[in-house]
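The values are calculated or read from the model by the stated rules, or taken from the named source; none is laboratory data. None of the values given here were measured: they were computed from a predicted structure. Here the Cβ positions follow ideal geometry from the backbone for every residue, glycine too, while neighbour counts run over all protein chains shown. Note: areas computed on protein heavy atoms with side chains; ligands, DNA, RNA excluded. Shrake-Rupley method; radii C 1.70, N 1.55, O 1.52, S 1.80 Å.
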Amino acid sequence: MGDTVGELYSHLKGEFRGDLLRPSDHEFSEAGRIWNGMVTRTPGLIARCVGVPDVQAAVRAARTLGVLTAVRCGGHSHAGFGSCNGGLVIDLYLMRQISVDELNRRARFAGGCLLGTIDSATQAVGLAFPAGVVSHTGAAGLVLGGGTGWLNCLHGLSCDNVEGFTVVVADGSVFHTSARENPDLFWALRGGGGNFGVVTEFEVRLHPVTGVLFGTAMCLDDDISRVLQCWRDFMPEAPDNLRWGFSLAIAPDTDNLPSRVRRRPVASASAVWVGDLAEGHRIVDHVLSFCNPEVVTKDVIPFVRLQTMADAEFPHGRRYYTRSGYFKSFSDQTITAMVEALATIPSPTNQIELAYLGGAAARVDAADTAFGDRGAPFIVNLLGNWQNVEDDAANVSWICNLFAKLRPAMVPGVYVNFMSGDEDDRVPEAYRDRWERLVYVKSTYDPDNFFRLNQNLRPQKTAGKGSDS
Ligand SMILES: Cc1cc2nc3c(=O)[nH]c(=O)nc-3n(C[C@H](O)[C@H](O)[C@H](O)COP(=O)(O)OP(=O)(O)OC[C@H]3O[C@@H](n4cnc5c(N)ncnc54)[C@H](O)[C@@H]3O)c2cc1C
């Protein structure tokens, strides 16, 4: 691969306007970093594009020379798809422009934007794009996989709010897609991940959001199971304005918590209300009063604060491993299995995240986007998060064992953005009845599987070919 990458560099350096970084360049090691410290990959060349012509040049040259290519926006793929060994990284780090049309509540943002860039620009005029909950996450990977977050119940998934994509496909040509132009590609890009090309621009709808009501509470001991039962029963009837979810974890040993709570298993509730505040106070007070809560907080906060408050929990470079699944509802046995697992949690920063994907997100028809079926609204994300390599085995096996216990009660399906690198076999499960249409679109726009570092859909003629890393 080395000589070929050298040839790729020589080929690109005349016309490329951005930065071409090789391992000998001093910026290379910083530029090569991806978020998950469990995944170490060293590319042969990082091409930091500054615009569509750079992306086209990189795609055309790498495809002609047969160079393995990763595409990176924020580098937050759990599986580490934003990098590769020995090949090319098409890095959109320098493509973080955004323009906001306040009057028409629309934005256009470039393919390298992080969520924080979008929130800052849209909140400056009191608008918001429904997306994820950690501001250093890349928007491109998140939106292309679906995009869940605080505003889903009220305004749908991120991909439900996209009106158009500009995308460079595998032969280097540029397509614009929308409901009217290239509708198959538009459908596939809303949930089908990075399979179809490099998206250089997203056109999205925005919604008025400024202050939000944010409440938290913790439950201990037997109240953990009881509060989860209350949540399970309440959410199907909850108003769209409410996003209420839980993290099951070990309470941190911090001064802001009473000593009776610290280092103990807890169910931490987070409730966000967007809309009429009087109504919001009533509902949030109600849900946070279930089951003898401790340390209840409630405040109206700026949306940007909500969107950044989890940033420090997931810093770059720690070791992360995840498993995820959907449930129609939670049986008492499922709740018990999750609560019991807290007794053996190997890292105090691991958590079991419980979310509800109802409201506007659930009302989008399964056939409308490649994201697909939204009929099983309860989501469990087992999020492993630890510091040291010697703790890998204990943490990975804690997650896999708990997943195996929960799996029989899950419905088939998984959100592609919460899959780890060893879950290739679940990609067909993620797309199920959309599979054939996705493979058809993939075969049309990427017949040689040039874009394969993703939750990969193999085009018809290469079906069965192994994936690289
Ligand atoms: C800390 C953290 C918090 C998260 N929170 C949420 C959340 O709240 N909601 C949620 O839905 N998900 C969340 N996720 C999951 C997240 O959606 C995925 O990890 C997503 O892949 C991140 O996108 P990225 O651009 O940063 O990743 P990258 O690693 O850069 O890319 C991920 C995939 O997208 C492809 N890709 C990237 N850019 C482009 C582009 N411009 N065009 C085409 N393909 C591209 C890549 O090739 C790769 O296959 C979170 C992840 C992390 C690490």
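Results, tabulated for the structure shown:
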{"quantity": "0 to 90° range, to nearest 10: angle between helix 392-406 axis and the chain longest Cα axis", "calculated": "70"}
{"quantity": "16 Å Cα-Cα reach of LYS461 towards lysines, excluding residues that sit fewer than 8 places from it in its own chain", "calculated": "LYS442"}
{"quantity": "Antiparallel content of DSSP bridges confined to the stretch 13-110, in %, to 5", "calculated": "45"}
{"quantity": "Rounded accessible area of CYS230 (nearest 10 Å², 1.4 Å probe)", "calculated": "40"}
{"quantity": "Nearby aspartates and glutamates by direct alpha-carbon distance to LYS13 (threshold 14 angstrom, same-chain neighbours under 8 apart not counted)", "calculated": "ASP54"}
{"quantity": "Ranking by accessible area, most exposed first, for HIS78, HIS11 with a 1.4 Å probe", "calculated": "HIS11, HIS78"}
{"quantity": "Between helix 222-234 and the chain: long-axis angle, C-alpha atoms, 0 to 90°, nearest 10", "calculated": "70"}
{"quantity": "Accessible area of the chain belonging to carbon and sulfur atoms, whole % at 1.4 Å probe", "calculated": "50"}
{"quantity": "Local electrostatic count at LEU154 - Lys and Arg +1, Asp and Glu -1, tallied over other residues with Cβ under 10 Å", "calculated": "0"}
{"quantity": "Where only C-alpha atoms are counted, convex hull volume of the chain per residue in Å³", "calculated": "141"}
{"quantity": "Value of relative contact order over the chain, rounded to a whole percent, pairs C-alpha under 8 Å and six or more apart", "calculated": "16"}
{"quantity": "Anchor LYS328: lysines whose Cα lies under 28 Å away (excluding residues fewer than 8 positions away in-chain)", "calculated": "LYS405"}
{"quantity": "Computed E for THR336/ASN85 - FRET, C-beta separation, R0 41 angstrom, nearest 0.05", "calculated": "0.45"}
{"quantity": "In Å, descending, principal axis extents of the Cα set of the stretch 1-44", "calculated": "35, 23, 15"}
{"quantity": "The chain - share of DSSP beta bridges that are antiparallel (%, nearest 5)", "calculated": "90"}
{"quantity": "Between helix 435-445 and the chain: long-axis angle, C-alpha atoms, 0 to 90°, nearest 10", "calculated": "30"}
{"quantity": "Cα gyration tensor shape of the stretch 304-366, rounded if a/c is under 1.5, else prolate or oblate by comparing a/b with b/c", "calculated": "oblate"}
